[in-house]
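Working notes, structure below.
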Amino acid sequence: MLGSFDFDVIRRSLPYLFYEGMTFTLTLTALSALGGLIFGTAIALMRLSGYKILGRIAGLYVDFMRSLPLVLVIFWFYFLVPYIGQWLTGASRPISVGAFASSLITFIMFEAAYFSEIMRAGIQSISRGQPAAANALGLTYAQTMRYVVLPQAFRNMLPVLLTQTIVLFQDTSLVYVLSIPDFLGAASKVAQRDGRLVEMYLFAALVYFTISCVASVGVRRLQSRIAIIR
Amino acid sequence: MIEISHVDKWYSTAFQVLKDCTTNVAKGEVVVVCGPSGSGKSTLIKCVNALEPFQKGDITVDGTKVNDPRTDLPKLRARVGMVFQHFELFPHLKIIDNLCLAQEKVLGRAHDKAVTKGMMLLERVGLKEHAQKFPAQLSGGQQQRVAIARALAMDPIAMLFDEPTSALDPEMISEVLDVMVDLAREGMTMMVVTHEMGFARKVANRVIFMDRGEIVEDAPKDDFFGKPRSDRAQKFLSKILSH
């Protein structure tokens, strides 16, 4: 029965799958995680700030993002960003953003909601004496956050942040709705072109599974190492 | 140096932690604040460098009004050292970096100068060889000595101690007190919340006794230990000195 399958199609399309597809997927994952972490930390700081209005805005943002399916956000954003760009810059026509930039912005905004909750828990895990000691030494609020609170919060939350990044790595495959050749998109294109759906999707699943699995084990190792240091 | 006048503080409208507290600490003076737990002594000392806000009254440190909204609080705090009950060293930084952080970021000292100063102070508290370790690798007494060195690295005009030995095992208390006694004898202005009456006897100029948010007794050391005027202070002393 396996005779009717052509697994050689995988070998033939490997350069395309990895050089184009996987590069795109990993770039999108890394940049989204980085942007999401920075943006998410800002949201977490807003939520924890003494200012009620800032906290409310940040809270609403997080709830809003978490109540929408990611595919929908990706889809909507792709169509909306050109118009938002037009509105922001005052251009006469919708500005073209490109599928990559659009999906990157989407993922950063979406992941920021999740990362912000992780960072919030991280910041709250630091005892109140730490910022007090930093303040007593004359550090400003910003310096206290930058040099004392956030480094510790980040370190405490690193395993959770990385686990969320693995989820993000899998979620980036949703950009296929914009027909972007990420890894899954590339595999899908080859599958359609050569009529080798089973082979290509099987291979794609295997690759996602392997990478995520190895990364998870890595995170677990890291977790136990951090636990010893503390 | 430190003038506290008619300070009131409420945690909520119903609960008043400080009631009309008035006292002062002159330059070079060592003042010990004692009293039962919950009497507001830690809160009072934290008001001095504005770690705790208060609603009424004034506190002035070296001519700068703490409760003036125009006061640059980080700048003021940089000049007043504080030592906490739970040390509060920064666990993600090496000992020497704990000492250098504020010197560099607040005072703008060059890194090598900060390190030199830091090493000098570590030597002074007898922990020079631990400079490259992390706080968690040190005992409580050692951590508290580092915390004192960290505060001294800022060249403070006064030092505040908030129960510096309360979280320590008994055998480590004296190593911290020794550092504090040296500091007092060198003429550092100090306000110390502590139950260590031995320390008070040795170096304090005055002892303040607080109860339920009020300063009940504010007397020169010999008067305080000789004949406390209030019943509450007498009771407190007899309790903590009976063993």
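Derivation of every value follows stated rules applied to the coordinates shown; laboratory data play no part. Since this is a predicted model, take the numbers as computed values, not measurements. Glycine gets a Cβ as well: all are built from the backbone with ideal geometry, and neighbour counts include every protein chain shown.
The residue among A:I10, A:I126, A:L174 whose Cα reaches farthest toward the positive pole of the charge dipole of region A:2-226, with charges on the beta-carbon of Lys, Arg, Asp and Glu, is A:I126. Rounded to the nearest whole angstrom, the semi-axes of the ellipsoid equivalent to region B:129-205, taken from the Cα gyration tensor as √(5λ), stand at 21, 16, 10, largest first.
The residues A:K189, B:K128, when put in order of fewest to most other Cβ atoms within 10 Å, stand as B:K128, A:K189.
Over region A:126-230, Cα pairs under 8 Å with separation of 6+ residues give a relative contact order of 21 percent. What angle do you read, to the nearest 10 degrees and between 0 and 90, between the alpha-carbon axis of helix A:197-229 and the longest principal axis of chain A? Between the helix axis and the principal axis of chain A, the angle is about 30 degrees. Taking the inverse of the mean reciprocal distance over all distinct Cα pairs, the Kirkwood hydrodynamic radius of region A:102-195 comes to 16.0 Å.
What is the sum of charges, Lys and Arg at +1 and Asp and Glu at -1, for the other residues whose Cβ falls under 11 Å from the Cβ of B:P156? Neighbour charge sum, excluding B:P156 itself: +1.
Amide H contacts under 5 Å for B:V30: B:M190, B:N205, B:R206, restricted to partners 5 or more places along the chain or on a different chain, H placed in the peptide plane at 1.01 Å from N. The overall shape of region B:64-187 is oblate: from the C-alpha gyration tensor, with semi-axes ordered a ≥ b ≥ c, the ratio a/c is 1.5 or greater and a/b is no larger than b/c.
In summary, the lysines within cross-link reach of B:K19, defined as a Cα separation below 26 angstrom excluding same-chain residues under 8 places away, comprise B:K9, B:K27, B:K41, B:K46, B:K56, B:K65, B:K221, B:K227, B:K235, B:K239.
Computed from the Cα positions only, the extents of chain A along the three principal axes stand at 73, 56, 27 Å, in decreasing order. The calculated 222 nm mean residue ellipticity attributable to helices in the protein assembly as shown amounts to -18000 deg cm²/dmol, summing -39500 (n - 2.57) over DSSP H runs of n ≥ 4 and dividing by all residues. Between A:A91, A:A99, A:A134, the GNM of chain A built on Cα springs shorter than 10 angstrom shows A:A91 fluctuating the most. Spatially, region B:173-243 and region A:162-222 are offset by 69 Å when compared through their Cα centroids.
Computed from point charges on the beta carbon alone (+1 for Lys and Arg, -1 for Asp and Glu), the dipole magnitude for region B:2-241 about its Cα centre is near 200 Debye. For the protein assembly as shown, the fraction of alpha-carbon pairs lying more than 43 Å apart is 36 percent, rounded to a whole number.
Comparing region B:2-241 with the 2.2 N^0.38 Å rule of thumb, its C-alpha radius of gyration ratio is 1.01 (two decimals).
Exposure proxy shown here: for B:M1, B:M210, the number of other Cβ atoms within 10 Å sets the order, fewest to most, as B:M1, B:M210.
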